[in-house]
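Reviewing the structure listed below.
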Amino acid sequence: MRRLLLFLFILVTARHCYAAADPSALINNIPNRTTISLNGPWHFIVDPYETGLKARFYTNAKPRDKSDLVEYDFDKSDVLNVPGDWNTQKKELFFYEGPVWYQNSFSYHKREHTRVFVSFGAANYFTRAYLNGEALGEHEGGFTPFNFEITDKIHEGENFLVVEVNNARRRDAVPALNTDWWNYGGLTRDVVLVEEPETFIQNYVIQLAKGSNQELSGWVQLDGSVSAQQVTLEIPEAGIKKTVAADTAGRAEFDVTAPLELWSPVHPKLYDVTLSAGADKVRDSIGFRTVETRGTQILLNGKPIFLRGISMHEEAPMRGGRAFTQQDAETLLGWARELGCNFVRLTHYPHSENMTRLADRMGLLVWSEIPVYWDIEWENPATLQNAKNQLRDMVARDHNRASVILWSLSNETPVKPERTTFLRQLADTARQLDQTRLITSALNHVDEAGPDTRILNDPVGEYLDVLGLNQYLGWYWGRPEDADRMQWKTAQDKPLLMSEFGAENPYGRHGTPDERWTEEYQVNLYQHQITMLKKIPSLAGLSPWVLMDFHSPRRFLPGVQDYYNRKGLISNQGQHKQAFYVLQKYYREIEPAK
Ligand code: GCU
């Protein structure tokens, strides 16, 4: 009932017109909440036929006596580390796709006036969670956080959490059956208990209003009994302290004008922000900047900016598997910085909060994307709702990150009416959720207009602020040198980001510039691409494919690929290929003097 009221309230108050999609139940800013980590070794059972549902594995049963029949025993089962994927922890699970049951026992001391939630940073792909044998709920989507309230289910003393994670690919899922990345399964990010007062700050946005570099505009959503609850926003360094009353739906809205140092790649200024309501107090580090477009330019804080970027997967350098540690983020973004980047395209799904918070601190602009990848079931309403939910939660987690400037709705999707309608609805949802950022997609539908002219001509471009273009001239079509003559145009007069191009070769494999699978070929391709890019009038940036070689189930060439996509500028063992320095040189040339 309260959620319906909230939904209607939002629809009515067009002035701020934030979230119109179903409100997210997500508790944001978990890193700064009161939490108890459940990370570490969890027992697991691989259950290819999902027998555990009928066998009620979630009851974590033990034989009552010597004649009782129980055909599983978590305590005697092997363990997997959480967070982490199972594919790179157990050799025998490298190719495994299907259900795996996790079990963790923990003791807890209950406290008065305290609500408890269990929060998952991410679990790929479909999750069912149970506490002490009771169902908590389900979640679909491998890369966005979710939480369940367990206040009435948690026991004083011993508790057990049983979680089924199933990464089986499905036609109606997002992504669907086919991806060029490894389908790492498991509890891939932190699992923590979150303790909150009876009324607490569930989520909030504090950002500069669109087009203003002085007016802070935002909201706080309370969860709990909210009657006449006062909510206070404090930013001491900016001399801001403002208290407003929450409405009956638990929503408090802020509009504050104050002189602020703006966040940017050269000056990643973060402010300590505190929100308090009743017994709850939430701290965060937030940067304030504006981002918009003007014609074919992207403006950061009102000034044109060129995005010197690189695309990357969330794969751990050296050890492989899903990246999740702070160190993984520092290594990957450190390499992007070494390359001379001011921008990273995090593909093709929301990466961990470690990444976006580190990007805030390092001053790296971020493209964040939901995995609407290649072809999916465009006409399936459940698939659309699933995509909307992933978009909603991607935004709900990172809408206070100054680094994040682009929400990407999809990657390389086929041009057909049902797809365009699907993406249009996602664009509408994204704009309802967040008016302060730019909406984009990585497109690849190109028309030929003569031997040396290509036009990015995709109807979805109408609904986007920025056009992303993936083109593989010199690799999947044409020769690298053809780029010298190639002209690119776009059907819509909007900023263009060359979101992907690249060539593939393992580190240390050498040959002539026209010899595929060699470093020299990759160097040659990058040199010609850079010549071509310099001539594109509407180009506002690029993010070549890709920072680091990554595992892919679609790459088979023995001694060359071996289940790796080798288009990295760096090998999965951290070795810098020659092309890395070609791009680095270009970025140093175009980097504005400080
Ligand atoms: C595509 C796609 C990537 C893929 C890359 C490649 O454009 O977006 O996910 O890995 O091309 O073929 O290497």
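What FRET efficiency comes out for residue 156 versus residue 510 if R0 is 51 angstrom and r is the Cβ-Cβ distance? Round to the nearest 0.05. Display every interim value, and only then the final one.
On the way: r = 65 Å, r/R0 = 1.28.
For R0 = 51 Å, the calculated efficiency reads 0.20.
Once the Cβ-Cβ distance between residue 428 and residue 489 is put in as r, and R0 is 25 Å, what FRET efficiency do you end up with, to the nearest 0.05? Efficiency computed from Cβ-Cβ geometry: 0.40.
Out of the GluC sites (Glu not before Pro) in the stretch 136-230, which ones are loop residues according to DSSP with at most 16 other C-beta atoms within 10 Å?
On the way: sites: 138, 140, 149, 156, 158, 164, 195, 198, 215; in loops: 156, 198.
The qualifying sites are 156, 198.
Relative to the current alpha-carbon distance between residue 178 and residue 338, full extension at 0.36 nm per residue lengthens the span by 54.3 nm. Label separation (residue 59 vs residue 382): 2.7 nm, computed from points 7 Å beyond Cα along the C-beta direction. Antiparallel beta bridges, as assigned by DSSP with both residues in the chain, represent about 70 percent of the total such bridges.
Take the Kirkwood radius over Cα pairs of the chain, plug it into Stokes-Einstein at 20 °C and 1.002 mPa s, and you get 85 µm²/s for translational diffusion.
Each residue of the stretch 202-216 was assigned a 3J(HN,Hα) from its phi angle through the Karplus expression (A = 6.51, B = -1.76, C = 1.60, θ = phi - 60°), giving 7, 7, 6, 10, 10, 9, 5, 5, 3, x, 10, 10, 9, 8, 7 Hz with x at Gly and Pro. Here the spin labels are modelled as points 7 Å beyond Cα on the Cα-Cβ line, and at residue 198 and residue 50 they lie 4.0 nm apart. Fully extending the segment from residue 479 to residue 415 would add 20.5 nm, taking 0.36 nm per residue of separation and subtracting the current Cα-Cα distance.
Value of Rg to Rh for the stretch 182-239, rounded to two decimals, is 1.14; Kirkwood radius and Rg both from alpha-carbon coordinates. In this structure, the pairs whose alpha-carbon distance is over 32 Å, taken from 534/594; 153/388; 210/567, are 210/567.
Among the trypsin sites (Lys or Arg not before Pro) in the stretch 518-580, those placed in a DSSP loop whose Cβ has at most 13 other Cβ atoms within 10 Å are 534, 535, 554.
Computed from the coordinates by the stated procedures, all read-outs in this text should not be read as laboratory data. Given the structure is predicted, the values throughout are model-derived calculations rather than measurements. Note: ideal-geometry Cβ built from the backbone for every residue, glycine included; neighbour counts use all protein chains shown.
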